[in-house]
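Participant: Below are the structure tokens for one structure; questions will follow.
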Amino acid sequence: MRKALIIGAVIAALILVGYSYLKVNPPLSAGASSSTNDRKVVLVSIGNRGSFGGIEITEVLINMNTPPAFVKIQVSDHTKGFIVSDQKNALQSGDYTFKGLHEVTLPMGTDPQVQIDKMNNRKATAADKIYALTVTDELTIETVTIRYRYLGLTYETTISTERLKQPA
């Protein structure tokens, strides 16, 4: 009986430590990469720096709590890169792959910084996929909030687009 209590306490402590670690170290790596001059189209590089599973993006909001007019995940590779355009036909072009939020699970090892390091060290291959959110709206996009799930836990991160602002 005493042994079962000790084992139960150890398991509970391990779960608590694991949960705390995951909450303090969110797995999504995201940063505003590019935009149109008016910031009505924003590209947010995204990737998974987690070690245990995929990330599912559940919702994207702009300017604190507004759904954008258009949001898709671009899936590409290093040779092609991403497109940033305010032209509807460019965003629907067959040259680039746009998928719905629920169609893509970000696999482990897709942290954008790791991908840049691979390119710089000439170790990137066509098999290395890169991911970015394309977010479009009629208003200037000041912030992008990404809600996602990882290992059953929900997370939220907000990215400012302030550094993309063009000089006046």
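The values are calculated or read from the model by the stated rules, or taken from the named source; none is laboratory data. In this text, all values refer to a predicted model and were calculated from it rather than measured experimentally. When we count neighbours, we look across all protein chains shown, and the Cβ atoms used for this are built from the backbone with ideal geometry, even at glycine.
Participant: Out of all the residues in region 53-67, which are part of a strand (DSSP E or B) and within 11 Å of LEU106 (Cα to Cα)?
Facilitator: ILE55, GLU56, ILE57
Participant: Further question on the same structure: Just to verify a result, which residue in region 104-130, among those that are closer than 14 Å to GLY81 by Cα and among the small types (Gly, Ala, Ser), is surrounded by the most Cβ atoms within 10 Å (Cβ to Cβ)?
Facilitator: This residue is ALA124.
Participant: Something else about it: Identify all residues within region 28-47 that are at pLDDT 90 or above, under 14 Å from ASP111 (Cβ atoms) and in contact with a Phe, Trp or Tyr (Cβ under 8 Å, 6 or more places away or on another chain); write none if there are none.
Facilitator: LEU28, SER45, ILE46, GLY47
Participant: Please go through region 126-168 and pick out each residue that is more than 11 Å from ILE62 (Cβ to Cβ) and out of contact with any strand residue (DSSP E or B) (no Cβ under 9 Å at 6 or more places or on another chain).
Facilitator: Let us first name the residues in region 126-168 that are more than 11 Å from ILE62 (Cβ to Cβ), namely 126-132, 134, 147-157, 160, 162-168.
Across region 126-168, the qualifying residues are LEU151, GLY152, LEU153, PRO167, ALA168.
Participant: Filter region 34-52 down to the residues that are in a strand (DSSP E or B) and touching a helix residue (DSSP H, G or I) at 6+ places or on another chain (Cβ under 8 Å) and list them by number. I'd like the intermediate steps shown before the answer.
Facilitator: Just the residues of region 34-52 that are in a strand (DSSP E or B), to begin with: 34-35, 41-48.
Matches in region 34-52: SER34, SER35, VAL42, SER45, ILE46, GLY47.
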